[in-house]
Amino acid sequence: MGTIIAPSILGCRHGELAGAAAGLERDGADWIHLDVMDGVFVPVLTFGAGVARSICSTVSIPVDAHLMVERPAGLIESFAEAGCRYITIHPESSEKHIHRVLGRIRELGCSPGLALNPATPPDIVRWVAGLIDLVLIMTVNPGYGGQKHISSMNKKIRTVRRILNDADRQDVLISIDGGVDSTNAKILIDAGASVLVSGSYITSSSDRAGAINSLKVFK
Ligand code: DX5
Ligand code: ZN
């Protein structure tokens with residue numbers, strides 16, 4: 001199976017995000033990754049469901065909304081209505097009922113994802129394995145593009161893969177987000193990743209199609 005490449009458009013000009021997403025689709029992206037930041041969970045504020053809607057209506061590939069927000073429960077309906085296929089939430093947010101919110105994302109017709117900050121223990125996956133389609137393992141601390149990849153997360157990728165296998169959820173995708181480039185793509189896939197989110201490596205390249213292609217590692 002080939003790797004799913006999900007470019008993050010965080011580093012693109014915010015007045016032209018739908019155009020940037022369309023260009024990345026032409027360049028071979030499998031998904032578009034949207035970094036939604038509320039200025040509280042992380043210091044930066046990005047965009048909301050209106051921008052997501054214009055991106056979803058411009059591309060035909062799945063859009064993956066990564067909600068780095070304190071209160072995801074209040075936002076999931078608008079991101080589902082916007083057309084996002086995957087909606088991923090953080091257990092480190094102030095949402096107390098992660099289990100319920102993941103179930104609600106499913107009810108809205110989307111695929112629920114759980115994102116883990118670097119210091120968050122992976123065991124939580126065991127308790128929501130029946131509810132999710134994706135685990136997003138952060139390999140930087142969320143908030144900014146262009147940070148250094150934390151390679152010690154390889155062990156967490158293997159642990160999450162083992163937890164999912166034990167729960168008979170081999171179908172759940174493991175997505176890696178943060179400092180992904182051609183030097184670590186194969187290592188991440190070998191550890192058990194199936195989706196590579198990549199921001200600055202792709203969007204700062206003068207050959208975005210070439211950068212996307214360089215991440216397409218085959219298992
Ligand atoms: C970080 C975001 C990432 C980021 C990835 O908070 O979740 O999606 O845009 O960018 P790079 O690939 O530059 O680390
Ligand atoms: Zn992200």
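The values are calculated or read from the model by the stated rules, or taken from the named source; none is laboratory data. Given the structure is predicted, the values throughout are model-derived calculations rather than measurements. Glycine also receives a Cβ, built like all others from the backbone with ideal geometry; neighbour counts cover every protein chain displayed. Areas reflect the complete protein model, heavy atoms only, side chains present, ligands, DNA and RNA absent. Shrake-Rupley method; radii C 1.70, N 1.55, O 1.52, S 1.80 Å.
Odds and ends about this structure:
- Annotation note: of Asp207, Asp166, Asp171, the sole residue that is away from ligand 2 (no atom under 16 Å from the Cβ), within 20 Å of Ile9 (Cβ to Cβ) and of a type in the set (D, E, K, R) is Asp207.
- Segment 1-19, subset away from ligand 2 (no atom under 15 Å from the Cβ) and under 16 Å from Cys56 (Cα atoms), residue least open to solvent (accessible area, probe 1.4 Å): Ala18
- Filtered residues of segment 106-115 (kept if closer than 18 Å to Arg169 by Cα and not in a loop (DSSP other than H, G, I, E, B)): Arg106, Ser111, Pro112, Gly113, Leu114, Ala115
- Condition check for Met153: within 10 Å of ligand 1 (Cβ to nearest atom) and aliphatic (A, V, I, L, M): no
- Of residues in segment 67-118 being of a type in the set (Ser, Thr, Tyr) and within 18 Å of Asp133 (Cα to Cα), the one least open to solvent (accessible area, probe 1.4 Å): Thr88
- The residues on offer are Arg13, Arg53, Arg26, and the sole one that is of a type outside the set (S, T, N, Q), farther than 24 Å from Ala211 by Cβ and out of contact with any strand residue (DSSP E or B) (no Cβ under 7 Å at 6 or more places or on another chain) is Arg53.
- From the list Ile187, Ile212, the lone residue that is more than 30 Å from Ile124 (Cβ to Cβ), more than 12 Å from ligand 1 (Cβ to nearest atom) and among the aliphatic types (A, V, I, L, M) is Ile212.
- Tabulated pairs, segment 8-28, first among the charged types (D, E, K, R), second open to solvent by less than 20 Å² (accessible area, probe 1.4 Å) and modelled with pLDDT of 95 or more, C-beta under 6 angstrom, 6+ apart or interchain: Glu25/Val59; Asp27/Ile212
- Filter result for Ile174 (under 16 Å from Ile124 (Cα atoms) and modelled with pLDDT of 95 or more): yes
- Selection count where residues are away from ligand 1 (no atom under 11 Å from the Cβ) and touching a Gly at 6+ places or on another chain (Cβ under 9 Å), scope segment 190-209: 2
- Helices (runs of 4 or more DSSP H) completely within segment 119-219 that count 1 or more residues being more than 18 Å from His90 (Cα to Cα) and either open to solvent by less than 40 Å² (accessible area, probe 1.4 Å) or in contact with a strand residue (DSSP E or B) (Cβ under 6 Å, 6 or more places away or on another chain) (or both): 154-166, 185-191, 200-203, 208-215
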